[in-house]
1. Given a 1.4 angstrom probe, what's the average accessible area per residue across the chain, in square angstrom?
2. Evaluate the charge dipole of the chain about its Cα centre and quote only its size in Debye, nearest 20, assuming +1 on the Cβ of each Lys and Arg and -1 on the Cβ of each Asp and Glu.
3. Determine the sum of side-chain charges near Thr161: Lys and Arg each +1, Asp and Glu each -1, restricted to other residues whose C-beta is under 12 angstrom from that of Thr161.
4. List residues of region 5-45, by number, whose backbone nitrogen lies under 15 Å from a label position 7 Å along Cα→C-beta of Lys122.
5. Provide the solvent-accessible area of Thr43, counting protein heavy atoms only and rolling a 1.4 Å probe, rounded to the nearest 10 Å².
6. Packing-wise, with mean Cβ within 10 Å as the measure, how do 155-164, 24-33, 142-151 rank, highest first?
7. Quick one: length gained pulling Ser45 to Glu96 fully straight, 0.36 nm per residue minus the C-alpha distance?
8. Region 34-88: which GluC sites (Glu not before Pro) are DSSP loop and have at most 14 other beta-carbon atoms within 10 angstrom?
Amino acid sequence: MIFMNNPYSGFISEPKKLKKAEKNFVIALKKSLAKNYDFNEVTISSLCKLAKYSRPTFYAYYETVMDVLKQLENELMWEIYKHAPNLDKINMKSDEFKKELAAFMDYLESIKDRLKPILIDKIDQRFMLKWRNYIKYNFYDKYKHLPNYDFYLEVIASAITNGIRYFLKNSNPKNKKEYLNSVMDMYKLVLTKY
């Protein structure tokens, strides 16, 4: 559901279809980041070498390495959006929410290697901002009546994104159930108050 007057709309959109060369540059960046290269160490030359394309081909699609990173972030954010629980349609006190949250956490664990360079080992602030704004977008309708609702939404979004980051950094089968129970407890204590 799209809330027409939601100030957090517009932060996620379906990524454009990429041409083969564009995809290969994104894949090259993923490989570079997966090798624990700092983003600032990635060069156009290194991407061209990994993607097996020339610099002129790179410049036909991108101006900078940052443009490739933005494409990667948008793709990842879109995937997360498609797998995330639909918060505006679920009773968040229900077992259904807990099941959807568990499925979402399973999905995040399945893409942990892709999240590692931008969320786990290092934090890509632009990606985190998009993710927090997506969460705010989902909670906006429930909390817009509160004074300082933007503060509440920031706290909720920060808690969720940092909680997920913590879970992914420290995940194992034992703590998953504990994490789910903690999320449900926090929701009951804090979010249902309003």
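1. 58
2. Computed about the Cα centre, the dipole is about 440 debye.
3. +2
4. 29-44, by backbone N distance to the label point.
5. Ignoring ligands and nucleic acids, Thr43 comes out at about 60 Å².
6. 24-33, 155-164, 142-151
7. 13.5 nm is the gain from fully extending Ser45 to Glu96.
8. Filter output for region 34-88: Glu63.
The values are calculated or read from the model by the stated rules, or taken from the named source; none is laboratory data. Just so you know, these numbers come straight off a predicted model, no measurement behind them. As a convention, Cβ positions derive from the backbone with ideal geometry for all residues, glycine included, and neighbour counts pool all protein chains shown. Surface areas here come from the heavy atoms of the whole protein model, side chains and all, with no ligands, DNA or RNA. Shrake-Rupley method; radii C 1.70, N 1.55, O 1.52, S 1.80 Å.
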